Amino acid sequence: MKKEIPYQRIKRADFTSGMLELEQAARKAAEKAYAPYSNFKVGAAVRLANGQIVTGSNQENAAYPSGICAERTALFYCGAQYPEVAVEEILVLAINNKGKLAASAAPCGACRQVLLETSDRHQHPFRVILPGEEEAIVLEDNRDLLPFGFDASNMQ
Ligand SMILES: [Zn+2]
């Protein structure tokens with residue numbers, strides 16, 4: 001048996017206006033990251049089904065596990081403020097200390113789990129966009145980031 005993960009690589013020249021809009025929002029968010037320990041500033045921008053764009057950045061802590069990633073900052077804010085509204089897409093980027101985009105910054109395992117729960121919660125899979133300087137990796141279905149993920153069906 002084999003499981004394949006469909007994704008696209010989209011050259012920067014082919015970014016849609018929607019991608020650029022989310023990228024700009026995520027970059028602004030990344031600039032507000034609190035990352036004194038890693039110096040790795042991450043921004044996430046979520047487009048909700050109501051058109052609202054919600055952003056988040058990584059928030060670190062001297063007690064390292066107490067910090068949280070940009071994706072979860074944004075998605076938990078969405079859950080708290082717009083609990084009934086599905087996510088349409090999320091863009092995640094990281095900027096290095098020269099202000100350039102790091103190579104496509106893929107969500108960590110814990111964030112993939114939260115992405116999965118978010119799409120399950122609304123029964124609405126969503127697009128994931130991971131831009132770098134030259135191109136973006138785009139997955140149309142967030143669930144492809146976490147094959148064999150843990151969900152509510154595992155608890156029955
Ligand atoms: Zn994460």
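Given segment 23-93, what whole percent of its Cα pairs are spread farther than 18 Å?
Working: 850 of 2485 pairs.
Cα-Cα pairs of segment 23-93 separated by over 18 Å account for 34 percent.
If I take every Cα pair under 8 Å that is 6 or more residues apart in segment 19-156, average their sequence separation and divide by the length, what percent do I get for the relative contact order?
Numbers: 292 pairs, mean separation 28.3, N = 138.
Across segment 19-156, relative contact order equals 21 percent.
What's the longest bit of the chain with no exposed trypsin sites (Lys or Arg not before Pro), using DSSP loop states and at most 16 other Cβ atoms within 10 Å as the test? Please report the intermediate quantities before stating the final value.
On the way: sites that count: LYS2, LYS3, LYS32, LYS98, LYS100.
The longest uninterrupted stretch comes out as 33-97.
Of all the C-alpha pairs in segment 98-156, what % are more than 20 Å from each other? Don't skip to the end; give the middle numbers.
Numbers: 537 of 1711 pairs.
The answer is 31 percent, as a whole percent.
Mind checking the dipole of the chain: about its Cα centre, +1 per Lys or Arg Cβ, -1 per Asp or Glu Cβ, Debye to the nearest 20? Could the numbers behind the result be given before it?
Numbers: 17 positive and 19 negative charges, 80 e Å.
The dipole magnitude comes to about 380 debye.
When the convex hull of the Cα atoms of the chain is projected onto a plane and the area is averaged over all directions, what value comes out in nm²?
Details: hull surface 41.1 nm².
Taking the Cα atoms of the chain, their convex hull projects to 10.3 nm² on average.
List the chymotrypsin sites (Phe, Trp or Tyr not before Pro) within segment 1-49 that fall in a DSSP loop (any state other than H, G, I, E or B) and whose Cβ has at most 13 other Cβ atoms within 10 Å.
TYR37
Please report, in whole Å³, the volume per residue of the convex hull around the C-alpha atoms of segment 23-63. Working shown, then result.
Values: hull volume 2.5 nm³, N = 41.
Here the figure is 60 Å³ per residue.
No value in this document is a laboratory result; all are computed from the given coordinates. The structure presented is a predicted model; accordingly, all values stated were derived computationally and were not measured. Glycine also receives a Cβ, built like all others from the backbone with ideal geometry; neighbour counts cover every protein chain displayed.
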